[in-house]
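One structure is given below, encoded as structure tokens.
The values are calculated or read from the model by the stated rules, or taken from the named source; none is laboratory data. All figures in this text were calculated on a predicted structure; none of them were measured in a lab. Cβ coordinates were reconstructed from backbone atoms using ideal geometry, including for glycine residues, and neighbour counts include every protein chain displayed. For the accessible areas, the whole protein counts, side chains as well, though only heavy atoms, and no ligand, DNA or RNA atoms are used. Shrake-Rupley method; radii C 1.70, N 1.55, O 1.52, S 1.80 Å.
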Amino acid sequence: MATTEQDYYELLGVPRDASHADIKRAFRRLARELHPDVSEAPDAERSFRAVAEAYEVLSDPERRRTYDRFGHAGLRTGGYAPMDADFGSLSDVFAAFFGESLFGGGASAGPRPTRGPDVAAHVEIDLADAARGTTVEASVRAARSCAPCGGTGAAAGTSPIACPSCGGAGRIQQVSRTILGQMVRTGTCPRCDGVGTIVETPCERCDGDGRTLEDVPLELQIPAGIHDGQRIRVRGQGHAGALGGPPGDVYVSVEVKPMEGLRRAGDDLVARASVTMVEAATGTTITVPTPTGPLEVELGPGTQPGAVHAVRGRGMPSLETGRHGDLLVEVEVRVPNRLTPEQRVELLRLEETLGEDAYRDDDDGFLGKLKSAFR
């Protein structure tokens, strides 16, 4: 079944009397524009397959004559099905359709070096380390080029040979004949798995793979202000690439362990302090934890329940600017819930002497709540 019912000539942007050369040039141009390797359009893959199908039909004289006379229905009746190969890259497209490389050379140059996979790692640091920055040593298990065989996979004194099945190309073509002509499909060579070579005498160290797993030490520079869950990228320390390709990277997830008595809110730090109603009314000095050690904070007289006291610049440094956030102290006022009759009388007598001015017109403040507790 055709992947689209849109007119093939319109898809390629050529007239119905276009020559074979015109059709080839149009498809080469569109393939470079629409292939997912280069296009960021969300429907690039669908559009590319549509123009590839159009070229597959119009570049074959017999299929083109059938299409010109009977349209899509004639192709389906004749048993035509569009190429369903999964092209790994734009170079594969040019090799499959034109028998040449992306850059216009001869036959495909065969397998190419590929980048190695990335590796994930995890480290833990304290909030104090996150505040000042630190250096952490870690280790990952990653593939490295095998030293005894130099990455070839072949035992000493031997070398890999070209795969007899694909002739070193890494891909094989299957040709089938239909009433509309020959159909050529290209796929990965099953004998060499697309490498293009086979190892007759494998290296004992890597068993012919050319790579071995090793413990790779890392020295990580943790920047000041890093947040819990952020990742650090270490370039070139991942798995070694195939066929001499570049290595992948290591992505290290950093866990910042919480500090007792502190909560992080962006670049600010939040601490909670508990004072008695007398301390809140008269003022007091409290001690709160910080990543650099305990800090004394003065609370002024008349501190209200739920008040937030800000200590500027004593929070975490910003990763972007280096400027420090604030230390925010949330104040909790403890009101006694066990009073003797004498104490109750004394508090009520105190309230009578205070008068309304002592509440500063704020009955929702501390003393207002205190007054409500005895009503």
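Some observations on this one:
- Amide H contacts under 5 Å for Gly170, placed H, 5+ residues apart: Gly196
- Spherically averaged projected area of the convex hull of Cα atoms, the range 131-235: 11.5 nm².
- The order of Met259, Met277 by accessible area, most exposed first and with a 1.4 Å probe, is Met259, Met277.
- Amide hydrogen neighbours beyond the local backbone of Thr303, cut-off 5 Å, H modeled: Gly283
- Residue-by-residue Karplus 3J(HN,Hα) for the range 300-314, coefficients 6.51, -1.76, 1.60, Hz, glycine and proline x: x, x, x, 4, 8, x, x, 5, 10, 9, 9, 10, 5, x, 10
- Candidates per trypsin sites (Lys or Arg not before Pro) in the range 206-256, loop by DSSP, up to 16 other Cβ within 10 Å: Arg235
- Shown here for the range 253-302: GluC sites (Glu not before Pro) in loop regions (DSSP other than H, G, I, E, B) with at most 12 other Cβ atoms within 10 Å, namely Glu260.
- Solvent exposure of Val335, expressed as accessible area, is near 70 Å², computed with a probe of 1.4 Å over the protein chains only.
- Overall Cα dimensions of the range 250-344 - principal axes, largest extent first, Å: 70, 23, 20
- Normalising by residue count, the range 13-64 has a Cα convex hull of 65 Å³ per residue.
- Accessible area in the full protein assembly, largest first, 1.4 Å probe, for Asp209, Asp22, Asp60, Asp193: Asp193, Asp209, Asp22, Asp60
- Magnitude of the charge dipole for the range 128-271, about its Cα centre and with charges confined to Cβ atoms of Lys, Arg (+1) and Asp, Glu (-1), is about 700 debye.
- Surface accessible to a 1.4 Å probe, His72 within the full protein complex, Å²: 20 Å²
- Rg ratio for the range 205-315: its Cα radius of gyration over 2.2 N^0.38 Å, N being its residue count, equals 1.85.
- Between Ala310 and Val329, the built amide H atoms are under 5 Å apart, and every one of these is 5 or more places off in sequence or on another chain.
- With DNA, RNA and ligands ignored, accessible area of Phe27 (1.4 Å probe; Å², nearest 10): 0 Å²
- Given charges at beta-carbon only (K, R positive; D, E negative), |dipole| of the range 195-287 in Debye: 420 debye
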